[in-house]
Amino acid sequence: MLKRLAPDTVREVPAQFQGIYVHGTQIEAPARLVCLSGQIGVAPDGKTRAGFKDQCNQAIDNVEALLADADMTTADILRVTYFVTEADNLAALSEVRQARWNQGHAPAVTTLVVAALAAPDLLVEIEVTAAR
């Protein structure tokens with residue numbers, strides 16, 4: 001069973017992030033845990049999508065495909081770490097998250113702006129931990 005952690009002793013999550021962010025998540029045993037490697041904006045055909053939003057959407061497609069392969073959905077996501085190479089893309093990241101993963105069961109989230117990813121044309125990487 002998943003529990004979203006949001007005690008009164010911690011700052012309330014701002015309204016615009018309540019569907020896509022929670023301070024913490026807890027899973028009770030017995031549970032099946034799935035840790036996904038960071039997913040990037042590369043499609044199954046091996047081509048890197050152009051532009052931040054397209055790469056972000058492809059990375060999300062990849063996450064969702066891996067979750068489906070593990071018989072899970074986005075509702076099972078406990079934690080997401082976003083790595084972006086440009087701070088200017090943070091608003092676009094929020095936009096994509098709101099459109100794709102604002103389903104009322106927000107995960108714990110960390111977002112990092114990094115100098116680079118594994119290849120120079122990569123703009124975003126998404127790492128996920130899920131449990132059921």
Gained length - residue 110 relative to residue 23, 0.36 nm times residue gap less alpha-carbon distance:
30.3 nm
Checked the chain with the C-alpha gyration tensor, a ≥ b ≥ c its square-rooted eigenvalues, rounded below a/c of 1.5, otherwise prolate if a/b is larger than b/c and oblate if not; verdict oblate
In degrees rounded to 10, the 0-90 angle between helix 52-69 Cα long axis and the longest Cα principal axis of the chain is 50
Expressed as a whole number of Å, what is the distance separating the alpha-carbon centroids of region 93-116 and region 72-89?
5
Please list, by residue number, every one of the trypsin sites (Lys or Arg not before Pro) in region 27-58 that is coil in DSSP and has at most 12 other beta-carbon atoms within 10 Å.
32, 47
What is the set of long-range amide H partners of residue 109 at a cut-off below 5 Å, with H atoms built 1.01 Å from backbone N?
22, 80
Kindly express, to the nearest 10 degrees and within the range 0 to 90, the angle between helix 90-101's C-alpha long axis and the longest C-alpha principal axis of the chain.
60
Using helices alone, what [θ] at 222 nm do you get for the chain, with -39,500 (n - 2.57) per DSSP H run of 4 or more residues, divided over all residues and rounded to the nearest 500?
-7500 deg cm²/dmol
Choice from 91, 116, 75 with maximal GNM fluctuation in the chain (Cα, 10 Å cutoff)
91
Rounded to one decimal in nm, the spacing of the 7 Å Cα→Cβ label points at residue 33 and residue 90 is 3.0
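No lab work stands behind these numbers, since they all come straight from the coordinates. Quick caveat, the model's predicted, so the values are computed rather than measured. A quick note on method: Cβ atoms are made from the backbone with ideal geometry, for glycine too, and the neighbour counts reach across all protein chains shown.
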